[in-house]
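The values are calculated or read from the model by the stated rules, or taken from the named source; none is laboratory data. Fair warning: this is a prediction, and the values are worked out from it, not measured in the lab. Glycine also receives a Cβ, built like all others from the backbone with ideal geometry; neighbour counts cover every protein chain displayed.
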Amino acid sequence: MKGTFSHDSSPNPAKLVESLRYLGYDNYHAIPDILDNSLDAGAKRINVIARTNKTEPEIIIADDGCGMDGEILDQAIRLGSLVEKETATDLGKFGMGLCTASLSICRQTTVLTKTQDGEVLKAVNDVDEVKRLNSFMSVFEKADDQEIAQFGELTNGASSGTVVILRKCDNLQNRNVSNFSKILSKHMSRIFRYFINAGVTIEMNGEKLKALDPLEWEQSEHFDDGQVMIKMEDDGKTINDTVQIKLSILPDRPAEGDQSEQNIPRQGFYVLRNNREILDAVTLDFFNKHNDFNRFRGEIHFTGILDKYMGVNFTKRNVALHQSLSDQLKQYLAGQLRTIRSRIKTEQRAETPADVAAVHKSVESEIQRKAKLLMTPKAPKETRESPQKEGNGNTKREPTRSREPREKHQPGGFAANCRFETASMSESGPIYAAEQQGRTVIIRWNSDHPFYKRFVLENAQDKRIVAASDFLVYSLACAELMWFTNEDSIELIHNLKTVMSANMRTLLS
């Protein structure tokens, strides 16, 4: 393209600043992004305060880090700052964290900062002023006496540090400051657990947080604690780095029967970048969430060197793994995940009384007989790849199995078979668990739940009641397997079953 590039294509500040406020930042992850700057500044004590000031919520993050001089502060309050970052260790990445995280919550951000030998400086970003002036303008000046005193109070008299104050918090998800603080505390305790264990003090409204470990490493079975050597080819360069993997199996019965964390939403991998959690309870397409994995937890640790290949976005709340990296991790994890599921499933297995098993068999036969009239989930379809030539010129065909997307189903779906099993999933567990293997829907009754005891075991001699109970959970299982197919919908059905199971447990006890 020829010509002179002199046209001003700068974005409209008033429009852009409002757009930046809605980038999908969750409050409980936006505030940790601000704490990242504190940790990068070497802070040993960080105090987060959520309070009401003159009827309006106000959030403060104060640290005793190295603070900022005028040049660095000038960059820090800009979108896309030029502050140098150490990729392999720093938590910040794109120079957007302070601005975008604060914008997602409030309309006014005040920063007070001081280096060890400097003076207290002040900067203010105000959305309403940017819109009024239609320009990215900030207040930048020395702090007055009142602000200097405020800085000293909030940093506990530290010789250096930074205070970030969020005001006009119109995008606060929970305006009940007390509830907001409790939820935020739990998030920060988990996200920064490695820093807390390393001696960094993080307080929420003056209360010191304790590290929250989703793997329960001290009490759990250590299934794996290893490293995967990653090799990536990129533009003629070879990138070598190490990914640390930790896999644990939680205790079968938590203390005092607390099953609150042993569920579908909390199972999976917790992904950490430079020892800071960026994703929680995800599958990364390495397995499908299922009740069999309720006691499985894993950690995947990587350094910022692999950011490009992990597909880290600037909010650090999502990843999109490069295919080669995904393949290398899957090769390491696939066999272990199969073993973990088999181990947990075997431990849950319970004996089914002979008279109940006989009724299950008759129900299975009845379901198969009426299969063409039932609405059932679709079964995997076997396909064959097109012929391929081997190195010797011979034609090779390799049968593969692929699962077609589940669709809306009419009577006569493919999953014509059913099998009933019994498993011990604790009294506080679900009434049943369901899965599909090929053309078979598998129902596992929870032998510990009062519903099973009252309607199945106690009525073993009344085949009609046992059969009716089987038909009920089979119908629920088909609906579950037909419609709830992705992680969001799986969590929805889990919540529905949790409420149903809890209410039935209370009513039948």
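Some points to look at:
- Failed item, numbered, when Thr352 is tested on (1) more than 30 Å from Asn27 (Cα to Cα); (2) assigned to a helix (DSSP H, G or I); (3) at pLDDT 90 or above; (4) in contact with a strand residue (DSSP E or B) (Cβ under 9 Å, 6 or more places away or on another chain): (2)
- The residues of region 109-156 that are of a type in the set (Asp, Glu) and either under 37 Å from the mean Cα position of the chain (by Cα) or more than 21 Å from Arg45 (Cβ to Cβ) (or both), listed by number, are Glu119, Asp126, Asp128, Glu129, Glu141, Asp144, Asp145, Glu153.
- Among (1) β-branched (Val, Ile, Thr); (2) crowded, with 16+ Cβ neighbours inside 10 Å; (3) at pLDDT 90 or above - the single one Ile493 does not satisfy: (3)
- Residues within region 400-429 that are modelled with pLDDT of 50 or more and either part of a strand (DSSP E or B) or loosely packed, with under 15 Cβ neighbours inside 10 Å (or both), tallied: 7
- When residues in region 263-314 are screened for being buried (at least 19 other Cβ atoms within 10 Å of the Cβ), of a type in the set (Ser, Thr, Tyr) and over 13 Å from the mean Cα position of the chain (by Cα), 1 of them pass.
- Filtered residue count, region 492-501, keeping only those that are touching a residue at least 60 places away in the same chain (Cβ under 8 Å) and either outside any helix (DSSP H, G or I) or among the hydrophobic types (A, V, I, L, M, F, W, C) (or both): 1
- Counting only residues that are of a type in the set (Gly, Ala, Ser) and farther than 24 Å from Arg266 by Cα, region 183-221 holds 3 of them.
- Region 181-216, residues that are part of a strand (DSSP E or B) and buried (at least 19 other Cβ atoms within 10 Å of the Cβ): Ile202, Met204
Yes/no matrix, rows are residues, columns are (1) at pLDDT below 95; (2) in contact with a Lys or Arg (Cβ under 9 Å, 6 or more places away or on another chain); (3) surrounded by 16 or more Cβ atoms within 10 Å (Cβ to Cβ):
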site	(1), (2), (3)
Gly67	no, yes, yes
Met96	yes, no, yes
Thr109	no, yes, yes
Gly118	yes, no, no
Ser135	yes, no, no
Asp144	no, yes, no
Ser160	no, yes, yes
Leu172	yes, no, yes
